[in-house]
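Every number here is computed from the coordinates shown, using simple stated rules; none is lab data. Predicted, not measured: the structure shown is a model, and the values here were computed from it. Please note: Cβ atoms are built from the backbone with ideal geometry, for glycine as well, and neighbour counts cover all protein chains shown.
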Amino acid sequence: MTHPKKLYIKTYGCQMNVYDSERMSEAMAGQGYVATDTPDDADMILLNTCHIRERAAEKVYSELGRYKDLKAEKPDLRIGVAGCVAQAEGAEIMRRQPMVDLVVGPQSYHRLPELEAKSRTGAKALDTDFPEDDKFAALKGRGPKAKRGPTAFLTVQEGCDKFCAFCVVPYTRGAEVSRPVEQVMSEARDLVERGVREITLLGQNVNAYHGAGQGGDWSLARLIRELETIDGLARIRFTTSHPNDMDDDLIAAHGECEKLMPYLHLPVQSGSDRVLKRMNRKHTAESYLALIERLREARPDLHLSGDFIVGFPEETEEDFQATMRLIEEVRYGSAFSFKYSTRPGTPAAERAQVPEDEKSDRLQRLQALLTRQQRELQDAMVGREVDVLFEKPGRMQGQMTGKSEYLHAVHVTGEGIAPGDMRRVRVTESGPNSLKGELA
């Protein structure tokens, strides 16, 4: 009996990379691979990388170094690097780590089976093109259709045309491209048939979606309204958005679409107009706050999340205080915040940098404010009833864990709860990063 080959994928970074890794796994399943949770027994190791965080490339090289002994023990082991670091570094990865057999960018991973086969001949395989062929169409039907958990990501848009001064995405993911409506609908229906009840629509700039559909290009709001017609789909979310692409119809959808959850991740990065201009964000703090006001008029209970960069080149204490004032006014339920770090090839990398100790001090103060807001809004949930989509068993005996409509993690101990169940829960306790409750 021939044993199946085993594939180990380590995923870095954003939700889109999680989605991409799933599709890579499906593609390689068609070549006889099954997933494994450890590199030790793998026949192929694939690092699906992210280039957003500081020293991203060096972290990948460090991870590759851990596999040298494994490669020496198993010469037939294939090692590949995929994702945005692969796109940015290309052949340099193979030069620095000769044991790497293949390198594939995020727009070419539908060619992964062919690259793996090429590497089996002893040749190095490299593909960091931006091909004209549709990778999603090429991947359709590859691999077995396994049962899914209750939640899933679905990429509908890729790339970005905004060219923020700090960001590498336009260079690693390319220009904005949207998937056709019917392709998205077909994948969504397939996910629901396999057990999914909540779909999160993904894109580097998802609310710029303009996929081809009946009568011309469709907006994200129109796509969401169409997704609402799928029987069995209970929840819809989307991330990540740019303030400038939040149009009237999408704002209205937050109040009109029952399946669209009251949670929105809407990065602003800074509250200083001077910094926003230097970031090339093309909006102001005032326009962002006006947008938040309109969104809350449409959906008063909207839970807001954001992104913040502190210590952007030439940021002053006055600029930083403007960001703190914006946070105080918006009141975020959650947020991601980082110290600015240079990305080679981006405009901001060439500018005068803020001292590291000042960055650290500002980040500490900003995160303290965000944490306080998060706890206050989370504590206010105690005594309320929420709808929880249960996903998996919790850490405690008899405990099940799921997400509320506001994306809070909720733990409930009780009998008769299964993954995929949607139950009404009364919140009884607020912890540091989650809620506890009981069935209502």
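Computed quantities for the displayed model
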{"item": "Value in Å of the Kirkwood radius, where the stretch 316-440 supplies the Cα pairs that are averaged", "result": "17.1"}
{"item": "Long-range HN-HN contacts of T155 with modeled amide H, under 5 Å", "result": "L202"}
{"item": "Derived scalar couplings ³J(HN,Hα) [the stretch 295-311; Karplus, 6.51 cos²θ - 1.76 cosθ + 1.60; whole Hz; x for Gly, Pro]", "result": "5, 6, 5, 6, 9, x, 8, 4, 8, 9, 10, x, 10, 9, 10, 9, x"}
{"item": "When the convex hull of its Cα atoms is projected in every direction, mean area for the chain (nm²)", "result": "22.7"}
{"item": "Relative exposure of E297, E116, E415, E256, judged by other C-beta atoms within 10 Å (fewest first)", "result": "E415, E297, E256, E116"}
{"item": "Karplus 3J(HN,Hα) series, Hz, for the stretch 21-27 with 6.51 cos²θ - 1.76 cosθ + 1.60 (x for Gly, Pro)", "result": "4, 4, 5, 4, 4, 5, 4"}
{"item": "Between the stretch 1-41 and the stretch 238-277, the Cα center-to-center distance that results, in Å", "result": "33"}
{"item": "Pairwise FRET efficiency - D247 versus T121, Cβ, R0 = 41 Å, nearest 0.05", "result": "0.20"}
{"item": "Average projected area [Cα convex hull, the stretch 124-256], square nanometres", "result": "10.1"}
{"item": "Distance between modelled label sites at D273 and E293, nm, 7 Å Cα→Cβ extension", "result": "1.5"}
{"item": "The stretch 162-190 and the stretch 314-357: distance between their alpha carbon centers, rounded to Å", "result": "26"}
{"item": "The stretch 148-379: radius of gyration and largest Cα-Cα distance (Dmax), Å", "result": "18.5, 55"}
{"item": "Distance between the stretch 52-129 and the stretch 400-439 - C-alpha centres, whole angstrom", "result": "41"}
{"item": "Cα-based convex hull, the stretch 176-243, per residue volume (Å³, whole number)", "result": "82"}
{"item": "Under the Karplus curve 6.51 cos²θ - 1.76 cosθ + 1.60, θ = phi - 60°, whole-Hz ³J(HN,Hα) for the stretch 277-293, x wherever Gly or Pro sits", "result": "5, 6, 6, 6, 7, 6, 8, 10, 4, 5, 5, 5, 5, 5, 5, 4, 4"}
{"item": "Cross-link table K74/K124; K147/K436; K5/K135; K6/K68; K10/K68, entries beyond 20 Å C-alpha to C-alpha", "result": "K147/K436; K5/K135"}
{"item": "Cα gyration tensor shape of the stretch 1-83, rounded if a/c is under 1.5, else prolate or oblate by comparing a/b with b/c", "result": "oblate"}
{"item": "Amide H contacts under 5 Å for L46, placed H, 5+ residues apart", "result": "Y8, I9, K10, G80"}
{"item": "Simple spin-label estimate for T428 and A137 in nanometres, 7 Å along Cα-Cβ", "result": "5.5"}
{"item": "Residues with amide H under 5 Å from that of V34, placed H, sequence gap 5 or more", "result": "K5, K6, L7"}
{"item": "Paramagnetic label zone (point 7 Å from Cα along Cα-to-C-beta, F336; backbone N under 19 Å) in the stretch 348-363", "result": "363"}
{"item": "Descending Cα extents along the principal axes, the stretch 224-338, whole Å", "result": "52, 24, 23"}
{"item": "DSSP-defined antiparallel bridges as percent of all bridges, the chain, nearest 5", "result": "35"}
